[in-house]
Amino acid sequence: MPAVQETIDQVRSIDVDQYKYGFETEVEMEKAPKGLSEDVIRFISARKAEPEWMLQWRLDAYKRWLTMKEPTWARVSYDKIDYNDIYYYAAPKKNPAPKSLDEVDPEILKTYEKLGIPLREQEILAGVEPQSRVAVDAVFDSVSVATTFKEELKKAGVIFMPISEAIREYPDLVRQYLGSVVPVTDNFFATLNSAVFTDGSFVYVPPGVRCPMELSTYFRINEKNTGQFERTLIIADKGSYVSYLEGCTAPKRDENQLHAAVVELIALDDAEIKYSTVQNWYPGDAEGRGGIYNFVTKRGDCRGRNSVITWTQVETGSAITWKYPSCILRGDNSRGEFYSIAVSNGMQQVDSGTKMIHLGKNTTSRIISKGIAAGKSDNTYRGLVSAHRKATGARNFTNCDSLLIGNQCGAHTVPYIESKNASAVFEHEATTSKISEDQMFYCQQRGLSEEEATALIVNGFVKDVLQQLPMEFAVEAQKLISISLEGSVG
Amino acid sequence: MLEIKNLVVQIEDKRILNGLNLTVSKGEIAAIMGPNGSGKSTLSYVIAGKEDYEILDGEILLDGQNLLEMEPDQRAAAGVFLAFQYPLEIPGVGTMTFLKAALNAQRKARGDDELSTPDFIKQVNAAAAKLEMPKDMLKRALNVGFSGGEKKRMEILQMALLQPSFCILDETDSGLDIDALRIVSEGVNSLRSPDRSFLVITHYQRLLNHIVPDTVHVMHGGRIVRTGGKELALELEANGYADYREEEAA
């Protein structure tokens, strides 16, 4: 079992400090004035050379946002956020829009190297099987600094580029779909994002095309007191397929930082989108100082018949997570899937889950959620499964398992089920278990150390979900989970 | 060789072991018999290093190494193996995965190289065949959904694989039917060797018909109160533990 062994070695190689992505990059940055105002929004729009309609869209969102209240229903608590104490735009001063990697600030390249994200296509190609190639869009604070394999993808007809570029180059596509899944007025954080979003990825896969490689975006928050508001839009046209992965890290800081993203997925007839997340934002220290507030709206629209959207998430980071990747099952026979592993340790608070909205006939959905709570953390699964009155034959299967490590953490499950169609069949299973001292002793008696035993038991617990991730990320995610739980036993 | 000297152990202010002395030589099979509550299982847990027990006095030496100063996994690497009375289920963890992790952890602790996968599979299959274990058992999660007898067989399989120098069998016969008892006993007997000693804890003499001990100890009130040869087990079977209870009453 090399993966577990690797996990152990990895865990061992880390000293007291468990978060290894906590370093900071020294780059001179250009920032918008602190705080939020129409001027700041105009500043952002101008920096991105946006068309007038986009600016107007942002300003409308901003006006709307001013009238909205921050939601309080989640099982999380934090000090009030001062939205005027945040920088909404930060970009490397030297060449914020590099044409090629040679123009990218070497410090930034080094950052991604250190994070293990390959940005040079030649390096990615060397010695690697072609099928495991991954195209990367690297977003550094408010801007995309590099996108790999753009040309090759273009040959296949796939558009993969920073959304700021897509707004200029494919305005019709963007205009048609932006905000069509998560409306500008959707919720407090989504509306804020609509006003100030800075960068993110845009993907369009034309009809009948199977995207020739994995696409991924790597988000890095580097600058202090800066919020990251990325926006991702993925459109899979009829009969197409795309698999997309996002990863995220941030430096260690004593202050909290806000990350309020919006992700919209649109799958047309017979199309399939797989969206995987490995979220490892800085979680704060053992006393709960610092860390990212991850307030994210992610939603997929199975707009066409027989379309499929799968969300897979491995959530180990962030001080607070507030996120519910959802599926609107509009097309008949469409399918939504949600696979989640949410790990919380220290003082982390997680309130996460999904919504499966069944609108079309014979729509099916599946939810597998594994929550692991350790330390003094709180881990809540919150999920909605609903069937519209026209959703004849809707089916859902939900399985929520929680694993508790230690006796100071909490696991909570809050399922909402609404059915307006008598033929809908919804199943819900939930379990809560604890790694027992007896299990630990049994494993140790066979020669496994406490850490090895924990890793083994946890890996067993999350296996169903890890299997949903693309191979190379599954190994990565497995390591991440073990690291997050280091020192949580006993 | 295992030496226990004047071991005094309590749990939650209740004294369980009261100055226990015991020596098991290399290659010896020692049986411990005794009524319920005499401290037999506590003894096995304390040797293996389970928490919860407070060691007030005494020492446990395995080939001169002080076990009480070692973590359970270090003791395992030093050669201690406990076949549990109630083996634990580990959901989601494949049996092969577990076995390989355990074996390699012990090898690593002893400074040996990891076993290659083909060699590992060969060893497991050989041991499984000896225990007449159906192949699909190895494909399931460890002990999950196993019958009582299957769990006991899995314990012996692990013993065969890990090659410990000191094996404790904690009521391995409980819950076994006659056929399973025979298979498990044969498994244990095949592991008898001049370099390996056994401590066989049981209530009943019947196990000792299959695993014939060199010595039999009677445990009562947290102490070894009598030691004899294998014929002592027969005597106990005939007379019960009444003698010892009266002794206590008197």
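Scanning segment B:90-141 for residues that are charged (D, E, K, R), over 24 Å from the mean Cα position of the chain (by Cα) and assigned to a helix (DSSP H, G or I) yields B:Asp119, B:Lys122, B:Lys135, B:Asp136, B:Lys139.
Wholly within segment A:147-198, which helices (runs of 4 or more DSSP H) include no fewer than the required count, namely at least 2 residues that are surrounded by fewer than 24 Cβ atoms within 10 Å (Cβ to Cβ) and without any contact (Cβ under 8 Å) to a residue 40 or more places away in the chain? Break it down stepwise before answering.
Working: elements: A:150-155, A:163-169, A:171-177, A:188-196.
Answer list for segment A:147-198: A:150-155, A:163-169, A:171-177.
More than 10 Å from chain B (Cβ to nearest Cβ) and more than 28 Å from the chain's Cα centre (by Cα): which single residue out of A:Asn407, A:Asn396 fits that description? Lay out the reasoning, then the answer.
On the way: A:Asn396 fails: more than 28 Å from the chain's Cα centre (by Cα).
Just one listed residue meets the conditions, A:Asn407.
Restricting attention to segment B:81-100, the residues that are of a type in the set (Val, Ile, Thr) and more than 10 Å from chain A (Cβ to nearest Cβ) add up to 1. When B:Leu176, B:Leu234, B:Leu181 are checked against the criterion of being of a type outside the set (Gly, Ala, Ser), assigned to a helix (DSSP H, G or I) and within 20 Å of B:Pro87 (Cβ to Cβ), a single residue qualifies: B:Leu181.
Within segment A:416-423, identify whether any single residue is in contact (Cβ under 8 Å) with a residue 12 or more places away in the chain and buried (at least 21 other Cβ atoms within 10 Å of the Cβ), and answer yes or no. Lay out the reasoning, then the answer.
Filtering segment A:416-423 down to residues in contact (Cβ under 8 Å) with a residue 12 or more places away in the chain leaves A:416-421, A:423.
Adding the requirement that they be buried (at least 21 other Cβ atoms within 10 Å of the Cβ) leaves none.
Within segment A:416-423 (the criterion being in contact (Cβ under 8 Å) with a residue 12 or more places away in the chain and buried (at least 21 other Cβ atoms within 10 Å of the Cβ)), the answer is no, since none of the residues qualifies.
Within the option set B:Arg140, B:Arg110, being within 14 Å of chain A (Cβ to nearest Cβ), on the phi < 0 side of the Ramachandran plot and modelled with pLDDT under 90 holds for one residue only, B:Arg110. Please verify whether segment B:42-50 includes one or more residues that are β-branched (Val, Ile, Thr), within 14 Å of chain A (Cβ to nearest Cβ) and in contact with an Asp or Glu (Cβ under 8 Å, 6 or more places away or on another chain). Checked segment B:42-50: no residue is β-branched (Val, Ile, Thr), within 14 Å of chain A (Cβ to nearest Cβ) and in contact with an Asp or Glu (Cβ under 8 Å, 6 or more places away or on another chain). Applying the condition of being under 19 Å from B:Leu162 (Cβ atoms), within 11 Å of another protein chain (Cβ to nearest Cβ) and touching an Asp or Glu at 6+ places or on another chain (Cβ under 9 Å) to segment B:51-80 and asking which residue is surrounded by the fewest Cβ atoms within 10 Å (Cβ to Cβ) yields B:Glu71. Of all residues in segment B:165-187, those being surrounded by 13 or more Cβ atoms within 10 Å (Cβ to Cβ) and either within 14 Å of B:Glu132 (Cβ to Cβ) or among the small types (Gly, Ala, Ser) (or both) number 12. May I ask you to verify whether A:Met471 is surrounded by 14 or more Cβ atoms within 10 Å (Cβ to Cβ) and either of a type in the set (A, V, I, L, M) or facing chain B (nearest Cβ under 7 Å) (or both)? When the stated conditions are applied, A:Met471 does not pass them.
Just so you know, in segment A:424-445 the residues that are in contact with a helix residue (DSSP H, G or I) (Cβ under 8 Å, 6 or more places away or on another chain), closer than 20 Å to A:Ser482 by Cα and facing chain B (nearest Cβ under 7 Å) include one that is surrounded by the most Cβ atoms within 10 Å (Cβ to Cβ), and it is A:Gln444.
Does A:Glu223 satisfy the criteria of being within 26 Å of A:Ile167 (Cβ to Cβ) and either of a type in the set (Phe, Trp, Tyr) or at pLDDT 85 or above (or both)? I'd like the intermediate steps shown before the answer.
Numbers: within 26 Å of A:Ile167 (Cβ to Cβ): yes; either of a type in the set (Phe, Trp, Tyr) or at pLDDT 85 or above (or both): no.
When the stated conditions are applied, A:Glu223 does not pass them.
Given the conditions (1) part of a loop (DSSP other than H, G, I, E, B); (2) closer than 18 Å to A:Glu450 by Cβ; (3) in contact (Cβ under 8 Å) with a residue 40 or more places away in the chain, report the number of the one that B:Lys50 does not fulfil. So B:Lys50 meets the others, but not (3).
Out of the residues in segment A:414-443 meeting the condition of being in a strand (DSSP E or B) and modelled with pLDDT under 90, tell me which one is nearest to A:Lys376 (Cα to Cα).
Going residue by residue through segment A:414-443, those that are in a strand (DSSP E or B) are A:414-419, A:425-434.
Still in the list and also modelled with pLDDT under 90: A:429-434.
Values: A:Glu429: 26, A:Ala430: 22, A:Thr431: 20, A:Thr432: 17, A:Ser433: 17, A:Lys434: 15 Å.
Within segment A:414-443, the match that is nearest to A:Lys376 (Cα to Cα) is A:Lys434.
Among the residues of segment B:94-127, those that are more than 18 Å from B:Arg153 (Cα to Cα) and aliphatic (A, V, I, L, M) comprise B:Ala101, B:Ala105, B:Ala109, B:Leu115. Of the residues making up segment A:394-407, those that are surrounded by fewer than 22 Cβ atoms within 10 Å (Cβ to Cβ) and either at pLDDT 95 or above or not in a loop (DSSP other than H, G, I, E, B) (or both) are A:Arg395, A:Phe397, A:Asn399, A:Leu404.
A count restricted to segment A:353-392 and to residues that are over 24 Å from the mean Cα position of the chain (by Cα) and part of a strand (DSSP E or B) stands at 1. Being in contact with a Cys (Cβ under 6 Å, 6 or more places away or on another chain), in a strand (DSSP E or B) and not basic (Lys, Arg) is a property that A:Ile309 has.
Is it true that A:Lys238 is touching a residue at least 12 places away in the same chain (Cβ under 8 Å) and either over 28 Å from A:Arg75 (Cα atoms) or of a type in the set (A, V, I, L, M, F, W, C) (or both)? Before the answer, list the steps.
Values: touching a residue at least 12 places away in the same chain (Cβ under 8 Å): yes; either over 28 Å from A:Arg75 (Cα atoms) or of a type in the set (A, V, I, L, M, F, W, C) (or both): yes.
Taking the combined requirement at face value, the residue satisfies it.
Restricting the search to segment A:134-146, which residues are without any contact (Cβ under 8 Å) to a residue 60 or more places away in the chain and within 22 Å of A:Arg58 (Cβ to Cβ)?
Residues of segment A:134-146 that are without any contact (Cβ under 8 Å) to a residue 60 or more places away in the chain, as a first pass: A:143-146.
Those that are without any contact (Cβ under 8 Å) to a residue 60 or more places away in the chain and within 22 Å of A:Arg58 (Cβ to Cβ): A:Val143, A:Ser144.
Evaluated against (1) within 14 Å of another protein chain (Cβ to nearest Cβ); (2) farther than 30 Å from B:Ala141 by Cβ; (3) surrounded by 15 or more Cβ atoms within 10 Å (Cβ to Cβ), B:Leu17 falls short on exactly one condition, (1).
The values are calculated or read from the model by the stated rules, or taken from the named source; none is laboratory data. Just so you know, these numbers come straight off a predicted model, no measurement behind them. Positions of Cβ are backbone-derived with ideal geometry, glycine not excepted, and every protein chain shown enters the neighbour counts.
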